[in-house]
Structure formats: C-alpha cells, structure tokens
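For reference, the structure is listed below as structure tokens.
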C-alpha cells in the first residue's frame, strides 16, 4: 500500500505561504547545501524545469512516483506556461472543481470525493504519493495523510497560509527523522500513528 506524504516547506511559525498563498519568500533560503540535499534525497520533488536547470533530468524517483496538488498550487506554473510541472513522474494529479479539461495530457484532474480517489491511488502498487499542497487540499485529506515531511526554513512569517485549515484535533505523530542543514533549514519526518 502506498503512503500519502505531505512534503511541504514551512516557516518556523508554520506558514507555507504569504496570506495570498505566494511562497516566493522561501527562495531566499535555498543555499547550495539544501539544493544538493534535495537533488540527492528528493529529486522527484524538483519541478521538471528546475531539474533541467540543475542537470538532473534523469534522476530516478526515490520516494514518490505520484504528485497530488490543489489548483492553487498548480496555477502559478500554469500562468507561466508550465502545464506539466512534474512530467518526470508517472502520475500527476490536480484537484480542481473549476477545471473541466486538463491543460496537459500528463495531468489528470480529480474532482468530487477527493479522499475516496486518494484511497484508490494508495491501493495501487508503486512508490509513495506526494501531497505537494496546498492548505485546503491538506485539510480535505488530513485523515488520509500517512507521513509529514516538513522542510522548515529559517524565517518567521508572522501570518500567512497555514499548513492546513483542519482545525484543532490532536493527531499523534512519531518522529522518524531529522536533518539539520548548514543554511538553517531543518527537514523533519513524522509518521502518523493510528
């Protein structure tokens, strides 16, 4: 059974974007060590254009062979003409109620009962499913998430888009990994305990 992993960047105070959802402020904290870590450990989470820029177009997926994103996460790339942001992955899914047709044949749309669709994806063989974002989608799938990988950047945002809007509910997690990097980033991995 595949795992659904919420692999997400956050500020130290738990925000994944500015109040309008923009996450560009994280780019100031992408140093060589952190990029090298992502290239080696999570190359599949770098967009296809980014992989080309970094010269890792042929890097094999290590953890995920499917990506799941909300319309808000997909939209910024789409506005720049990137219709298949993770074309190196066999499966790309965009959850949207407003898109009637996928802008790219490699992208599959999900609407309706997202949790049921994700349970069906988890039942398939393969590597894991990467929940790329955003907060609304993570909220809808909070009970389907099996693992959190939180990339904490050394920035305090003060306000913005939270990791989820799931509301209070103590959900036990087990710490399974911590990686501190020289630029102040910390990558923390938690398994959901059920």
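The values are calculated or read from the model by the stated rules, or taken from the named source; none is laboratory data. From a predicted model like this one, the values you see are computed outputs, not experimental measurements. Please note: Cβ atoms are built from the backbone with ideal geometry, for glycine as well, and neighbour counts cover all protein chains shown.
Miscellaneous remarks
- Residue match in the stretch 128-142 (condition: more than 17 Å from residue 71 (Cβ to Cβ) and either touching a strand residue (DSSP E or B) at 6+ places or on another chain (Cβ under 6 Å) or in contact (Cβ under 8 Å) with a residue 60 or more places away in the chain (or both)): yes
Conditions (1) exposed (fewer than 14 other Cβ atoms within 10 Å of the Cβ); (2) under 17 Å from residue 149 (Cβ atoms); (3) free of Cβ contacts under 8 Å to residues at least 12 places away in the same chain; (4) out of contact with any helix residue (DSSP H, G or I) (no Cβ under 7 Å at 6 or more places or on another chain), marked per residue:
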residue	(1), (2), (3), (4)
1	yes, no, no, no
4	no, yes, no, no
13	yes, no, no, yes
23	no, yes, no, yes
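- Residue satisfying all of: in the stretch 31-54; part of a loop (DSSP other than H, G, I, E, B) and touching a helix residue (DSSP H, G or I) at 6+ places or on another chain (Cβ under 9 Å); surrounded by the most Cβ atoms within 10 Å (Cβ to Cβ) among these: 46
- Meets criteria (surrounded by fewer than 17 Cβ atoms within 10 Å (Cβ to Cβ) and closer than 25 Å to residue 164 by Cβ) for residue 59: no
- Scanning the stretch 63-94 for residues that are farther than 20 Å from residue 120 by Cα, in contact (Cβ under 8 Å) with a residue 40 or more places away in the chain and assigned to a loop (DSSP other than H, G, I, E, B) yields a total of 2.
- Test result for residue 26, in contact with a strand residue (DSSP E or B) (Cβ under 8 Å, 6 or more places away or on another chain), part of a helix (DSSP H, G or I) and modelled with pLDDT of 95 or more: no
- Counting the residues of the stretch 157-194 that are in contact with a strand residue (DSSP E or B) (Cβ under 9 Å, 6 or more places away or on another chain), surrounded by fewer than 13 Cβ atoms within 10 Å (Cβ to Cβ) and over 24 Å from residue 2 (Cα atoms) gives 3.
- Only one entry in 123, 115 is in contact with a helix residue (DSSP H, G or I) (Cβ under 7 Å, 6 or more places away or on another chain), over 15 Å from residue 191 (Cβ atoms) and surrounded by fewer than 17 Cβ atoms within 10 Å (Cβ to Cβ), namely 115.
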